[in-house]
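The structure under discussion appears below in the form of structure tokens.
The values are calculated or read from the model by the stated rules, or taken from the named source; none is laboratory data. Values in this document were obtained by computation on a predicted structure and should not be read as measured data. Methodologically, a virtual Cβ is constructed for each residue, glycine included, from the backbone with ideal geometry; neighbour enumeration extends over all protein chains shown. Each accessible area value is taken on the protein alone, full model and side chains, heavy atoms only, with ligands, DNA and RNA left out. Shrake-Rupley method; radii C 1.70, N 1.55, O 1.52, S 1.80 Å.
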Amino acid sequence: MSGIAAAERAEVAAACRELAAAGLLIGTAGNVSVRAGELVAVTATGTVLGEMTAEEVTVVDPDGTVVSGRLAPTSELELHLGVYREFPVGAIVHTHAPHSIAVGLVCDELPVIHYQQLPLGGATPVVPFFPFGTPELAAAVRDSLVDRSAALLSNHGAVTVGATLRQAVEHTELLEWACGIYLDAHAIGTPRALSAAQQDAVRAVIARTAYGTTKPV
């Protein structure tokens, strides 16, 4: 397609289909956005995310005014815009992923139980319940993301951010994986969390070895 933020609209639609195929978005529940310069490309409200097309992605300005697209944006638009105003992130993913919901029902935070969670910024906070689409929820999510790339929403779902939409999707997948591990472990005992010192030790190894990146022989 051509027009305003065409590439970003296509990228959002593709991410929605990918997340739905993985069971992390169901039906019309959830929303995805990406920065498009000074604008934001965001899913439209009421659309089936697993069948999302670029034409069903709306483009808004920083105040939320629609500048491109034929459909009204997600009811969580202020959540997305509030995060973009506060942090230099490039993309946001909000899901109703089952493991994330389950942990948010019983915990005040998801502790760091595996070093792979470190890209999320440490323990993942659980935001108190507020109805969807409300200023209170948008503010609570924004405040929870200080020094974090993920938040769980009590009785609701999860929000992740990233420098790119690909990274935000990966953070969503990572958070859901960690929540699943936590639930499995909790079924047989109390999961052991990594201490701050243990987390720092892992960060030191990552920095020294460039862990996670390819290297020539």
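Residues that are closer than 18 Å to Pro111 by Cα, modelled with pLDDT of 95 or more and either open to solvent by 10 Å² or more (accessible area, probe 1.4 Å) or in contact with a Ser or Thr (Cβ under 6 Å, 6 or more places away or on another chain) (or both) occur at least once in region 135-145.
Right, Leu105: at negative phi, touching a residue at least 60 places away in the same chain (Cβ under 8 Å), not in a loop (DSSP other than H, G, I, E, B) and not basic (Lys, Arg) or not? Walk me through how you get there before you give the answer.
On the way: at negative phi: yes; touching a residue at least 60 places away in the same chain (Cβ under 8 Å): no; not in a loop (DSSP other than H, G, I, E, B): yes; not basic (Lys, Arg): yes.
Answer is no for this residue.
Within the bounds of region 164-171, is there any residue that is among the polar types (S, T, N, Q), in a helix (DSSP H, G or I) and crowded, with 17+ Cβ neighbours inside 10 Å? If you could, list the steps in order and put the result at the bottom.
At the first step, the residues of region 164-171 found to be among the polar types (S, T, N, Q) are 164, 167.
Okay, now just the ones that are also in a helix (DSSP H, G or I), so 167.
The next check asks that each one be crowded, with 17+ Cβ neighbours inside 10 Å; those that pass are 167.
Taking every residue of region 164-171 in turn, at least one turns out to be among the polar types (S, T, N, Q), in a helix (DSSP H, G or I) and crowded, with 17+ Cβ neighbours inside 10 Å.
Can you go through Ser149, Ser68 and tell me which one is polar (S, T, N, Q), over 17 Å from Thr28 (Cα atoms) and more than 17 Å from the chain's Cα centre (by Cα)? Unique residue meeting the criteria: Ser68. Any residue in region 177-196 that is touching a strand residue (DSSP E or B) at 6+ places or on another chain (Cβ under 8 Å), in a loop (DSSP other than H, G, I, E, B) and hydroxyl-bearing (Ser, Thr, Tyr)? Scanning region 177-196, I find no residue that is touching a strand residue (DSSP E or B) at 6+ places or on another chain (Cβ under 8 Å), in a loop (DSSP other than H, G, I, E, B) and hydroxyl-bearing (Ser, Thr, Tyr), so the answer is no. Screening Asp143 on (1) more than 27 Å from Leu39 (Cβ to Cβ); (2) acidic (Asp, Glu); (3) free of Cβ contacts under 8 Å to residues at least 12 places away in the same chain shows it passes everything except condition (1).
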